[in-house]
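Just below is one structure, and these are the notes that go with it.
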Amino acid sequence: AQSVAQPEDQVNVAEGNPLTVKCTYSVSGNPYLFWYVQYPNRGLQFLLKYITGDNLVKGSYGFEAEFNKSQTSFHLKKPSALVSDSALYFCAVRDGNNAGNMLTFGGGTRLMVKP
Amino acid sequence: NAGVTQTPKFRVLKTGQSMTLLCAQDMNHEYMYWYRQDPGMGLRLIHYSVGEGTTAKGEVPDGYNVSRLKKQNFLLGLESAAPSQTSVYFCASSYPTGLAGAETQYFGPGTRLLVL
């Protein structure tokens, strides 16, 4: 079985400070990892994904994430937060060795960036 | 391109009523999905389709049916709505890449459903 955990329901950060949104996963095969963002009353928007290769993945809007196999983590980061980054963030995982498995989402983390 | 669109945006149903949610995509994607989003639970897959005329069950399929008669459309039906089906429903689509499972999903704006 595959699963993903986002241990923080909410993350608060001041504008201009670095931000981290945590994600840990569990799969039996190779993990395919995704981050999506959801703004109020909108659908999810793709930010970035890790499939293979470089552990540091760069995505949209200045976000990046680091794949850490030993810690089974894929934390989302940004060096300098903007108020407009305030949104709901979802991590998702899929077992790359099992084509029958679909995407499993975490419960989401609300990011609040204060001016 | 409009991307993925969903109709209606909001609907209120009484217990036992039926309705159909429509998802349309203009990106010529092979794969389409229906999710429901409930607070604290992320998105859970209801049904999905890997091509026109094919459908498959996801994690929470009970109480829902789907059809994919045309490649661009994916319909989600509730035959007899229950209060437990109050949720926000999202449709998504994707296209196959060289690596199965690595495709990015593109989401619609959602349909908010309230069952009384």
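The values are calculated or read from the model by the stated rules, or taken from the named source; none is laboratory data. Since the model is a prediction, treat every value here as computed from it, not as a measurement. Backbone-built Cβ (ideal geometry, glycine too); neighbour counts: all protein chains shown. We work out accessible area using only protein heavy atoms, side chains counted, and drop any ligands, DNA or RNA first. Shrake-Rupley method; radii C 1.70, N 1.55, O 1.52, S 1.80 Å.
The set of residues in the range A:85-114 being of a type in the set (S, T, N, Q) and over 15 Å from A:Tyr36 (Cα atoms) consists of A:Asn97, A:Asn98, A:Asn101. No other residue among B:Thr15, B:Thr54, B:Thr86, B:Thr7 is surrounded by 14 or more Cβ atoms within 10 Å (Cβ to Cβ), more than 21 Å from A:Tyr36 (Cα to Cα) and of a type in the set (Val, Ile, Thr) apart from B:Thr86.
Out of all the residues in the range A:50-64, which are β-branched (Val, Ile, Thr) and open to solvent by 70 Å² or more (accessible area, probe 1.4 Å)?
A:Thr52
For the subset of the range A:79-105 comprising residues that are under 24 Å from A:Gly16 (Cα atoms) and open to solvent by less than 20 Å² (accessible area, probe 1.4 Å), which member is farthest from the other protein chains (Cβ to nearest Cβ)? Going through the qualifying residues, I end up with A:Ala81.
Just to verify a result, which residue in the range B:18-40, among those that are under 13 Å from B:Tyr89 (Cα atoms) and not in a strand (DSSP E or B), is most open to solvent (accessible area, probe 1.4 Å)? Restricting to residues being under 13 Å from B:Tyr89 (Cα atoms) and not in a strand (DSSP E or B), the top hit is B:Pro39. A:Ser73 fulfils the conditions (1) touching a Gly at 6+ places or on another chain (Cβ under 6 Å); (2) of a type outside the set (A, V, I, L, M, F, W, C); (3) within 28 Å of B:Val60 (Cα to Cα) except for a single criterion, (1).
With a requirement of 2 or more residues that are open to solvent by less than 60 Å² (accessible area, probe 1.4 Å) and away from every other protein chain (no Cβ under 11 Å), the strands (runs of 3 or more DSSP E) lying completely within the range A:2-49 that satisfy it span A:10-14, A:19-21, A:24-26.
Counting only strands (runs of 3 or more DSSP E) that sit wholly inside the range B:43-111, those with at least 1 residues that are in contact (Cβ under 8 Å) with a residue 60 or more places away in the chain and more than 10 Å from chain A (Cβ to nearest Cβ) are B:73-78, B:87-94.
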